[in-house]
Amino acid sequence: MKRYLLTTLFFLTAISWTMAQQTNNKEELERERKDIQGELKEIQDVYNRVKGEKNQSLAQLNMLKRKISLQERYISSINKELKIIDDDMYLSNLEIYRLQKQLDTLKSQYARTVVYAYKNRSSFNYVNFIFSATSFNDAVRRISYLKSYRAYREKQVNTIHETQELIAKRQQQQLARKQQKNDALKTQTKERESLAEQRQEKDHIVSGLKSQEKDLQKQIAAKKKRDRDIQNAIAAIIRREIEAAKKEETARLASAKKAAEEEKARNATATPTPGKPAVSNPVAATAPPKKPESYLELNAKDIELGTDFGNSRGKLPWPVDNGFVSIPFGPYTIEGTKLRDDNPGLTIGTRSGAPVKAVFDGVVSAVHNYGDGAAIIIRHGKYYTSYSNLSGVNVSKGATVKRGQVIGRAGDSDDGSSGRIDFMLMIEAKNVNPAPWLRR
């Protein structure tokens, strides 16, 4: 009996732990699906504005590819949900089976007590059982035993009713899970149909882009030239600022060295007090200053700014509201064509004239006008961000800007279908992918 109770306890503990894990997984899936649905809605809202354009664009293709990726993730989350439901149903079936076996055992035990009570139903037997006691204390114990026996039978009946109610409850939950599974399967079918439509639409856009290959080649060449000019401008700014910081640091060290030598000379020529030893100059024994890790972080303000920026990875706001990545960072190929390029930053699609905002506090290092658009370069300690293809600017060189401050307006995309900005991030002269730094 003890072994049976231990086995039952272990089984219940295992089921409770598994169900708790399943609950956590369900909550995580719900959060994931909510995030996916939110991003899908954002992309769809933007895509609807450019969907009716006569010419297919790279922005359309990349938005659809992103939609397809999100749709696949959404379907995958439904598959995970179905697995969780199946696991729940399996565990519930096991519990119902265990409860049914337990109910059978309870009924069998109760039946034996009923048979025993029937055989000894005469009140004379109970009276005889009490008065046949050898002492008063023995009689009290026998009365207590009869009361306990009656309470035990009542408890048996209550336990049987409770077990029956629990089985009915679990069976009702199984029906709810089956309905939940049917609903999830219907949603899965609907989302798969939507995914198939999106893939067909993507193929149509790819076909259109293939017919526009010459125009796209010109657009890519023009963008490549702009990117190269901006990169060169940023590199030149960084070189100038590093050189200026080096000169400033060299002058500071030279001044400190001169002051130390003058102090040493004064100490050497000073008349020592009788009976008091001469004190050596502690400055002269100081080790040579350590070379700074970055000449762009020599003062406390720049160090704090760079540290805060570095700690903001994954938390920076987007430079435009409701933006989307039309061309990702790094090498990319336009599907269906032989066109390839290497994007030094993120090309972010938006509406023409949309406000462009600084992603972090900093100082404007430069404002460039490239004829067909403007670019703003902001320094954040040893970090630099650039915002190009702007139709207008609201700041000037040397201005201090705050996170979220509007610094300009987005210009038109190359095909004129919508707006666009090119956003770059550099750590000193090193070009990095901005995507992991932006909040999604």
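The values are calculated or read from the model by the stated rules, or taken from the named source; none is laboratory data. Note that the structure is a prediction, hence the values are computed from the model and not measured. Don't worry about glycine lacking a Cβ; one is built from the backbone with ideal geometry, like all the others, and counts go over all protein chains shown.
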If the Cβ limit is 8 Å and pairs must be 6+ apart or interchain, which residue in the range 374-403 that is within 20 Å of A429 (Cβ to Cβ) and in contact (Cβ under 8 Å) with a residue 40 or more places away in the chain pairs with which residue that is surrounded by fewer than 16 Cβ atoms within 10 Å (Cβ to Cβ) and among the aromatic types (F, W, Y)?
-> S388/Y370
Determine which single condition A236 fails, assuming it passes every other condition in (1) out of contact with any Asp or Glu (no Cβ under 7 Å at 6 or more places or on another chain); (2) assigned by TED's automatic domain parsing to the domain that holds S69.
-> (2)
Could you look through the range 416-440, keep only residues that are buried (at least 20 other Cβ atoms within 10 Å of the Cβ) and of a type in the set (D, E, K, R), and pick out the one that is farthest from E241 (Cα to Cα)?
-> R420
Filter result for the condition that a residue is in a strand (DSSP E or B) and in contact with a strand residue (DSSP E or B) (Cβ under 6 Å, 6 or more places away or on another chain), over V356, V320 = V356
Go through (1) of a type outside the set (D, E, K, R); (2) over 30 Å from L91 (Cα atoms); (3) surrounded by fewer than 16 Cβ atoms within 10 Å (Cβ to Cβ) and name the single condition A245 misses.
-> (3)
Look at the range 149-189 and say how many of its residues are in contact (Cβ under 8 Å) with a residue 12 or more places away in the chain and of a type in the set (D, E, K, R).
-> 5
Residue satisfying condition, being in the same structural domain as I234 (by TED's automatic domain parsing) and farther than 16 Å from G362 by Cβ, within set R379, R403, R439 = R439
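Being in contact with a Lys or Arg (Cβ under 6 Å, 6 or more places away or on another chain), within 26 Å of Q60 (Cα to Cα) and not hydrophobic (A, V, I, L, M, F, W, C) narrows it down to one residue among G408, G419, G373, G404; which is it?
Details: G408 fails: in contact with a Lys or Arg (Cβ under 6 Å, 6 or more places away or on another chain); G373 fails: in contact with a Lys or Arg (Cβ under 6 Å, 6 or more places away or on another chain); G404 fails: within 26 Å of Q60 (Cα to Cα).
The conditions single out G419.
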Here are I167, I130: which of them is at pLDDT 75 or above and surrounded by 13 or more Cβ atoms within 10 Å (Cβ to Cβ)?
-> I167
